[in-house]
1. Which pairs break 23 Å Cα to Cα here: Lys144/Lys196; Lys21/Lys88; Lys27/Lys196?
2. What is the calculated FRET efficiency for Gln91 to Asp56, with r their C-beta to C-beta distance and R₀ = 22 Å, to the nearest 0.05?
3. What residue among Tyr104, Tyr23, Tyr137 shows peak mean-square fluctuation when the chain is described by a Gaussian network model with Cα springs under 10 Å?
4. Tell me, rounded to the nearest percent, the portion of alpha carbon pairs in region 95-147 spaced more than 15 Å apart.
5. Which residue, Leu130, Leu58, Leu147, tops the fluctuation ranking in a GNM of the chain built on C-alpha contacts under 10 Å?
6. Average the reciprocal distances over every distinct pair of alpha-carbons in the chain, invert the result, and give the Kirkwood radius in Å.
7. How much mean residue ellipticity at 222 nm does the chain get from its helices, if each DSSP H run of length 4 or more adds -39500 (n - 2.57) and you divide by all residues, to the nearest 500 deg cm²/dmol?
8. Would you kindly state how much longer the chain becomes between Val181 and His160 on full extension, computed as 0.36 nm times their sequence separation minus their alpha carbon distance, in nm to one decimal?
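Each reported figure results from applying straightforward, stated rules to the coordinates on display, with no laboratory input. Source: prediction; values computed, not measured. Methodologically, a virtual Cβ is constructed for each residue, glycine included, from the backbone with ideal geometry; neighbour enumeration extends over all protein chains shown.
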Amino acid sequence: MLLNRFETVMMNNPVRGLVQKHYEARKLERLGGGVRGQHVLEVGCGRGLGVEILLDQLGAARVDAFDLDPRMVELSRRRLAPRGDRVKLWQGSVTEIRADADSYDAVFDFGIIHHVPAWRDALAEIFRVLRPGGRLYAEEVLAKFILHPVWRRLLDHPRHDRFDREGFARALDAAGFRVRVSDELWGDFAWFVADKPASG
């Protein structure tokens, strides 16, 4: 689902950018390693900061990315135009990723899947587009935060069938992933690194 006006501002401001760059991305890299030289997908790219982080900080060779909101895709296009053919952008949904199976070495989710009502379908799609041996890096918001009375008033999140850390890990396993590591903060936010098993 699309972000409301308040959350759009929250997700597209310099403070959020600093947190994503200096905390979230570094934490995912510590948990799962870098992606130097890899072909990477970011689901829900927003204004394009995550793509920059993947290229400049984590060493991706190429990044494909999409967002449900066409306004965000246009912001990303403008921001990332100097990157040329290292970046491919489109408008789309994480429950129907427009990419072939086994396309990506890694997929990054910087807090997108909790916005998706059919979030298990999103995990299945991510699994499909990852190559065997590929890795999912996910930073997610948990049910405790989503269902808190203050945040329920300010943010438009799906409220049915939300997950805690263990529930998300179980869903990853059910989708075929093997969770390598997970961590959480205050029971509100969690990080996951999970692999698609290699063939054979």
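1. Details: Lys144/Lys196 28 Å; Lys21/Lys88 21 Å; Lys27/Lys196 20 Å.
Cα-Cα > 23 Å for Lys144/Lys196; rest within.
2. On the way: r = 24 Å, r/R0 = 1.09.
Efficiency, rounded to the nearest 0.05: 0.35.
3. Tyr23
4. Numbers: 650 of 1378 pairs.
Every Cα pair in region 95-147 considered, those over 15 Å come to 47 percent.
5. Greatest mean-square fluctuation among the candidates belongs to Leu147.
6. Values: mean 1/r = 0.0597 Å⁻¹.
In the chain this quantity evaluates to 16.7 Å.
7. On the way: 9 runs with 68 residues, N = 200.
About -9000 deg cm²/dmol.
8. On the way: separation 21, 0.36 × 21 = 7.56 nm, distance 2.60 nm.
That works out to 5.0 nm of additional length.
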